[in-house]
Amino acid sequence: MGNRRRTRLFKAIALCLPILLLLVVELLLRLFGYGHDTSLFIRYPDDPRYWVMNKYASALYFSDTANATRGSIEPFAVQKATNTFRVFVLGESTTAGYPYFHNGSFDRWLQFRLMHEHPELHFEFINVSLTAVNSWTVLDFGRQVLQYQPDAVLVYTGHNEYYGALGIGSTSHIANSRLLVRTVLTMRRLRLVQLLGSFFSAFRPSGASPDARENLLQRMAADQRIVYGSAAYEAGIRQFRDNMEELCRLVDAKGIPLFLSNLVSNEKDQPPLGEDSAARREFTFGDSAYRACDYGVARRHYIQAKEVDPLRFRAPAAIDSEILRLCAGYPHVHLVDAQKFLRGASPTGILGRETLLEHVHPNLYGYALLSEAFYTSMQGLFGAATGSKMSFDELLAKMPVTAVDSLNGAYTIMMLKSRWPFHEPIPAGFKRGNTVQEQLAGAIAVGRLSWLDATNELYTLSMRTGDKRTALKAVGAVLLEHPSNTRYALYAGRLSFELREDSDAVFYFKLAYTADPSPANLQSLYLLYMKLDQPGQASSWLDSAMARQPDDARLGSLKSLTGLIIRLKAQLAASPGDKTLSRQLALYYHEAGADEAAERYR
């Protein structure tokens, strides 16, 4: 009996030893700092008071990490402040704003509009979208963002279900089994698995590295013929359904509003991308009906051409059906009808080049419309605007996207479409041009200049030539990229004042003071109100500053001077023709440094 127990014990020890050894190796690798933490967020190296997206977060999803894409750097506070409305944005390349990125993305358009309409709130929009991913990444990131106190989650995803990372037809496909995919993702978080991956990569033949002649679309697409209704086609729909169902269930259980958009893709100006006679035939029928102005028939044929196109870079209608079902099935999941807004901007109601650049990515107008769709769906969250209500036309006029942004997008798409699967050669006579905007955009498009450096250079050159309108766009663009930098807000405020856009000037100076209630920023805000001949507003801001700094004698002096101006204005209102009062007002305004207001009373 004793021998039998010892035998069992030895067998148990023999089984546990390898596991224990692996555990010790894993702990040692972590102790010595080998490998990468793949959590979605890490402390911001430049300021540990903030979280920022981890550049290694995407490595889990790509079998070849050379294809792994990285997101944007949008720090947000570890300690969420009061009056903060925090929004996480999840999705793929369209959600990231490709090919413009930065202020081209729909969430930046939305943020710009909301921060003007609701200045009482501090908006944090954190976009964790990546190019070349799909619902697997969206689900995993969505699960993690729930730990960071979101007030809303915005999702636009579905086009990459077949060729995005872990997609059914992608080069990083693992299996159709959810259990097996989850197991592999868990293992890839282990440092030991990362070590083994690096070891095997060292022995990879040189020819196995990514071919520089191929774009990411081509490198990710393994199965380039997924037939409509086939097993692979149905597996893609099922993958989207299961992942998004889980995400909706998780977010809904927390009572957090999730805004889920349907999808747009180019119908009339994008022929089928795959080699398929049925798809080509449907597209030709669509063209014929379109030329005959029979737009209803044309639209049906164009959509059918997209549906049977075997190269599945555009989501099939079944994905939209799943989105509608999910929005109807969960009380906190709300439909964003992007199709309605982009179709409404197309003269015939058929999606094409009016709002889209190629197969799925909007142009700047399209991104603005996408933001309008989300804005409309989110109206119940904020109540009445306390700031200046901004119409869609005003948004188009004021949004800080520059000609450099637009040109960079055009050049990027031109280069993309010259390769697989589009094969549209760059026109033989194309010349980039020698304007400042064209030169800067060209440098960004080929990676010789960062977007931030190009935009700063545009600002400097615009100020040098007296083009204050372009300078305001440029500094506003950088401010959206770095909202915590009050210097940009002050620049934008001064330029707005010089352009006689008084409400925008007030907005930007308030933004600077709210973010940093320093004496210098108070002085800027106070002086602005005085220059605008609004001493009552200036006085109220002095009151709040004096409450913060009761021992500041300078504030007391300004308060007395402002009080004199308020009283003189009241007297002048009672005696409008009194030139003595007018001269006295001008004198006091001059003493306050507000010569613009003084000029009104001289």
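So the values come out like this:
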item	result
Flag for residue 525 being of a type outside the set (S, T, N, Q), buried (at least 21 other Cβ atoms within 10 Å of the Cβ), in contact with a helix residue (DSSP H, G or I) (Cβ under 8 Å, 6 or more places away or on another chain) and touching a residue at least 24 places away in the same chain (Cβ under 8 Å)	no
Every residue from the range 498-517 that is free of Cβ contacts under 8 Å to residues at least 60 places away in the same chain, surrounded by fewer than 20 Cβ atoms within 10 Å (Cβ to Cβ) and over 24 Å from the mean Cα position of the chain (by Cα)	498, 499, 500, 501, 502, 516, 517
Residues (out of contact with any strand residue (DSSP E or B) (no Cβ under 6 Å at 6 or more places or on another chain) and not in a helix (DSSP H, G or I)) located in the range 117-148	118, 119, 120, 130, 131, 132, 133, 134
Exclusive hit being within 30 Å of residue 221 (Cα to Cα) and hydrophobic (A, V, I, L, M, F, W, C), set 81, 12, 59, 77	59
Set 472, 449: member being at negative phi, touching a Leu at 6+ places or on another chain (Cβ under 9 Å) and not in a helix (DSSP H, G or I)	449
Members of the range 373-382 found to be in contact (Cβ under 8 Å) with a residue 60 or more places away in the chain, of a type outside the set (A, V, I, L, M, F, W, C) and out of contact with any His (no Cβ under 6 Å at 6 or more places or on another chain), listed by number	375
Some residue of the range 193-200 being touching a helix residue (DSSP H, G or I) at 6+ places or on another chain (Cβ under 8 Å) and modelled with pLDDT of 95 or more	no
Selected residue (criterion: farthest from residue 407 (Cα to Cα)) from residues of the range 76-107 that are of a type in the set (S, T, N, Q) and modelled with pLDDT of 95 or more	79
Residue within the range 97-113 that is polar (S, T, N, Q), in contact (Cβ under 8 Å) with a residue 24 or more places away in the chain and in contact with a Gly (Cβ under 9 Å, 6 or more places away or on another chain) present	yes
Some residue of the range 480-496 being in a helix (DSSP H, G or I), without any contact (Cβ under 8 Å) to a residue 12 or more places away in the chain and more than 26 Å from the chain's Cα centre (by Cα)	yes
Matching option when the condition is at pLDDT 90 or above and under 30 Å from residue 181 (Cα atoms), among 69, 65	69
Odd one out for residue 7 among (1) closer than 30 Å to residue 79 by Cα; (2) surrounded by 10 or more Cβ atoms within 10 Å (Cβ to Cβ); (3) out of contact with any Leu (no Cβ under 9 Å at 6 or more places or on another chain)	(1)
Counted residues, the range 213-255 - those being closer than 22 Å to residue 304 by Cα, in a loop (DSSP other than H, G, I, E, B) and not polar (S, T, N, Q)	6
Whichever residue in the range 43-76 is buried (at least 17 other Cβ atoms within 10 Å of the Cβ), among the aliphatic types (A, V, I, L, M) and under 20 Å from the mean Cα position of the chain (by Cα) and, among such residues, is farthest from residue 138 (Cα to Cα)	52
Test for residue 380: is it assigned by TED's automatic domain parsing to the domain that holds residue 505 and closer than 30 Å to residue 489 by Cβ	no
Identity of the residue in the range 555-600, within 18 Å of residue 531 (Cβ to Cβ) and outside any helix (DSSP H, G or I), that ends up farthest from the chain's Cα centre (by Cα)	592
Residues within the range 319-345 that are crowded, with 20+ Cβ neighbours inside 10 Å and of a type in the set (Gly, Ala, Ser), tallied	1
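Yes/no per residue for (1) of a type outside the set (Gly, Ala, Ser); (2) loosely packed, with under 12 Cβ neighbours inside 10 Å:
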position	(1), (2)
406	no, no
416	yes, no
419	yes, no
422	yes, no
427	yes, yes
445	no, no
448	yes, yes
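The values are calculated or read from the model by the stated rules, or taken from the named source; none is laboratory data. Source: prediction; values computed, not measured. Positions of Cβ are generated from backbone atoms using ideal geometry, with glycine treated the same way; all protein chains shown enter the neighbour counts.
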